[in-house]
Amino acid sequence: GPLGRLLLPMLASALVGVGFAAFFQFAPLLAERRGGLATGALYTIYGLGIIAARVLGGRLLDRWSIARTLALACALTAGGLGLLAPGGRPALAALAAALVAAGMGLSHPALLAHHAALLPAAPGRASAAFYMGFDLGIGLGSALLGVVLQLAGLGGLYAAAALLTLGALPLAPLLARQRAGGG
């Protein structure tokens, strides 16, 4: 049925949501434990970066396939999270925030549009399904990452978040086939 068609893109949205959670939920802890950039600076860089990604990426979203867009978005997000794993200079944290913003600025609208394309007669249900997947990724991802934090520290948390975000990569070609095949 229609909901079954949305399970795969919802999973991709959840995996991307984990990356979002890692950045937003744990940025205050990152700033507190590692010093360097304050939480407000990280959020400001992210905010400016996501605006830039949305302005500059809008046309790209219309030209590229979901597979290509999601692959780039996951690579950018995971790259940013990966830069946070070992720690380092404030400039690397600033670059990481910009990379996460660019990745989220591409993945979020691309996945939302993909959901809507799968259920063109029910855009409300389609967007609700996207947000359910994304929000489950944020919620469950935060809980999982909290456990990883206790077991492996802040570096382990960001490394795990990068790997989970990359988990959406093998789904990208499946989403493209799903869209091309009409289901």
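Is the shape of segment 48-148 rounded, prolate or oblate, going by the alpha carbon gyration tensor and its root eigenvalues a ≥ b ≥ c, with a/c under 1.5 for rounded and a/b larger than b/c for prolate?
oblate
Counted over all Cα-Cα pairs of the chain, pairs farther apart than 22 Å make up 42 percent. Dividing the helix sum by the residues of the chain, where each DSSP H run of 4 or more adds -39500 (n - 2.57), gives a mean residue ellipticity at 222 nm of -31000 deg cm²/dmol.
Split the accessible area of the chain by element, probe 1.4 Å, and carbon with sulfur accounts for 70%.
Relative to the longest principal axis of the Cα atoms of the chain, the long axis of helix 171-180 makes an angle of roughly 20 degrees.
Helix 2-34 and the long axis of the chain differ in direction by around 10°, with both axes built from C-alpha atoms.
By definition, a body whose alpha carbon gyration tensor gives a ≥ b ≥ c is oblate when a/c is 1.5 or more and a/b is not larger than b/c, and segment 123-179 fits this oblate description.
The values are calculated or read from the model by the stated rules, or taken from the named source; none is laboratory data. Remember, it's a predicted structure, so these values are computed and weren't measured experimentally. The accessibility values were calculated without ligands, DNA or RNA, using every heavy atom of the protein model including side chains. Shrake-Rupley method; radii C 1.70, N 1.55, O 1.52, S 1.80 Å.
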